[in-house]
Amino acid sequence: MTATLTAPVTARPRVRQTRLLIDGQWRDSVSGKTFATIDPATEMKIADVAEGDRTDIDLAVKAARKAFETGPWPAMDARHRGRLLYKLADLIEKNKEELAALETLDNGKPIKDSLAADLPLVIDCFRYYAGWADKIHGQVIPVRGNYFTYTRREPVGVAGQIIPWNFPLLMIAWKWGPALAAGCTIVLKPAEQTPLTALRLGELAMEAGFPAGVINIVPGFGPTAGAALVEHPGVDKIAFTGEYRTAQVIMKAASQTLKRVTFELGGKSPNVVFADADLDAAVEGAHFGLFFNQGQCCCAGSRLFIEESVHDEFVAKLLHSVKKRKIGDPFDPATDQGPQVDKAQYDKILHYIEAGKKEGARCLTGGGRDGDKGFFIQPTVFDNVTDKMSIATDEIFGPVLSVLKFRDINEVVDRANNTFYGLAAAVWTRDVGKAHAIAHRVRAGTVWVNCYDVFDAAAPFGGFKMSGMGRELGEKGLDNYTEVKTVVIAKD
Ligand code: NAI
Ligand code: MG
């Protein structure tokens, strides 16, 4: 399995936009600085992008504040906000191939996935929240005395949104959809690894007709642009997706201004296969649940617990399937696995692969770099993994699967819960009692039964424990962007 960069079937896209979007204008950064965004398949520079820092964030926040307080946005009918969101979804659909190609170029994910997973989920998410815009309402509350009391759900204000690089467009959809439906204004800081699709989406948002200042985009780095956004007193709320250590820094900084914070962080999700499961379906779920998106998923099923009696049979089937993965040029429509997003992630993953070998796990396939150019890593499966090995405790965020054996349900529940993470879990069984037991007893924000990675814009997603705070998607996701106001009126 060598990464051969074959002739692309989907054309590599042209980069149209590399500047900051502030107050409806495309601008260079005040400092004039830029940073390079890299194609992880070739390690070559794609483009130089304007690098925002504290000064640019300040301008963007001021524009967002102004747009929140005056101008067409706060006066707009909720239904019209919904129409703008539908229009943006339509424009994304119209430019689907270009956006998918740009995502593949900047992130390295296979074009097959960008087209079949990322883009359809993005479009669906915007349409879902478009429908909510005029359905966010309060209550009339029967109170003691001669008063008429009702609640309003008002937008929280200026939302600072800091997103990662693993699903650049989808993370925007999860954050812009509910924020715009609720009537907030936005300052988005995309990940420094993948700024390009955010900027193209900014162009489409302007084309859709969102008023100036409602959506501002400031590419830049975490400790500069990101930190400035978190500290800015003009920002009411921070929504962040990324590493839990970054969330700790953000929470501390946000405490100065008591900003509302919501976090969607990582995981070490248990994927539990009982002997009575449909093993072929479970093999597919174990494979897809870990290797999808080069293993760069917050909810990756990275701890695969297999009931001892079927372990050998299962592992043989799994290996057969993993060895068929086609790794290589992400623009080749047959490619299953592209490069990791950058050198830092690539190094981190190789470090864990070495740690797994040293700690005594058995490497059944993979175990190193693929090819000699680009951040490609072989699909790797470790067997004989025990609970204390670092490959069983730490989020690797790469194509490295740890197989663990178990004997009974109580044991596997305890071991599945023996982590500070709690994002997702899955169970494979034909026994409905076992399915419910795992679904209820494992402390995780999502539990998949006989499936994996099934997402829907209508279904809330988020973490227990250190995997997050709050929920995105669904009706729940709107709570992150609204404040409840109680109005009490004396009747006479
Ligand atoms: P990160 O949490 O550092 O970066 C995510 C975003 O936060 C980026 O936009 C970054 O610029 C920003 N950021 C970084 N430091 C900041 C700060 N001090 N203040 C404000 N914003 C800041 O994640 P990174 O370094 O890209 O990846 C490290 C590990 O985090 C990965 O190996 C993986 O384990 C985990 N991760 C989890 C993700 C998830 O989906 N839950 C997504 C990305 C990473
Ligand atoms: Mg970081």
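The values are calculated or read from the model by the stated rules, or taken from the named source; none is laboratory data. These numbers come from a predicted model, not from an experiment. Ideal geometry is used to build each Cβ from the backbone, glycine not excepted, and the neighbour counts take in all protein chains shown.
Side notes on the structure shown:
- Residue in segment 374-385 that is under 21 Å from F314 (Cα atoms), in a loop (DSSP other than H, G, I, E, B), of a type in the set (V, I, T) and touching a residue at least 12 places away in the same chain (Cβ under 8 Å) present: yes
- For segment 459-492, a tally of residues being in a loop (DSSP other than H, G, I, E, B), out of contact with any helix residue (DSSP H, G or I) (no Cβ under 6 Å at 6 or more places or on another chain) and in contact (Cβ under 8 Å) with a residue 24 or more places away in the chain returns 10.
- The single residue among A205, A228, A191 that is more than 19 Å from the chain's Cα centre (by Cα), among the small types (G, A, S), within 10 Å of ligand 1 (Cβ to nearest atom) and surrounded by 19 or more Cβ atoms within 10 Å (Cβ to Cβ) turns out to be A228.
- Odd one out for D280 among (1) part of a loop (DSSP other than H, G, I, E, B); (2) touching a Lys or Arg at 6+ places or on another chain (Cβ under 9 Å); (3) surrounded by fewer than 16 Cβ atoms within 10 Å (Cβ to Cβ): (1)
- Selection within segment 208-225 - within 16 Å of ligand 1 (Cβ to nearest atom) and either over 21 Å from the mean Cα position of the chain (by Cα) or touching a residue at least 60 places away in the same chain (Cβ under 8 Å) (or both): N216, I217, V218, P219, G220, F221, G222, T224, A225
- Filter result for the condition that a residue is away from ligand 2 (no atom under 16 Å from the Cβ) and either surrounded by fewer than 19 Cβ atoms within 10 Å (Cβ to Cβ) or farther than 19 Å from S402 by Cα (or both), over D383, D372, D342: D372
- Some residue of segment 257-271 being touching a residue at least 24 places away in the same chain (Cβ under 8 Å), assigned to a strand (DSSP E or B) and away from ligand 1 (no atom under 16 Å from the Cβ): yes
- Segment 291-313: number of residues that are farther than 12 Å from W428 by Cβ and either without any contact (Cβ under 8 Å) to a residue 12 or more places away in the chain or over 15 Å from the mean Cα position of the chain (by Cα) (or both): 8
- Test result for S402, touching a Ser or Thr at 6+ places or on another chain (Cβ under 7 Å) and polar (S, T, N, Q): yes
- Residues (near ligand 1 (Cβ under 10 Å from one of its atoms) and among the acidic types (D, E)) located in segment 236-256: E243
- One residue from A41, A63, A78 being touching a strand residue (DSSP E or B) at 6+ places or on another chain (Cβ under 9 Å) and modelled with pLDDT of 95 or more: A63
- Considering residues of segment 20-36 that are more than 28 Å from D329 (Cα to Cα) and under 25 Å from the mean Cα position of the chain (by Cα) only, the residue surrounded by the fewest Cβ atoms within 10 Å (Cβ to Cβ): I22
- A254 being of a type in the set (G, A, S), at negative phi and in contact (Cβ under 8 Å) with a residue 40 or more places away in the chain: no
- Scanning segment 401-436 for residues that are farther than 23 Å from D280 by Cβ and β-branched (V, I, T) yields V413, T419.
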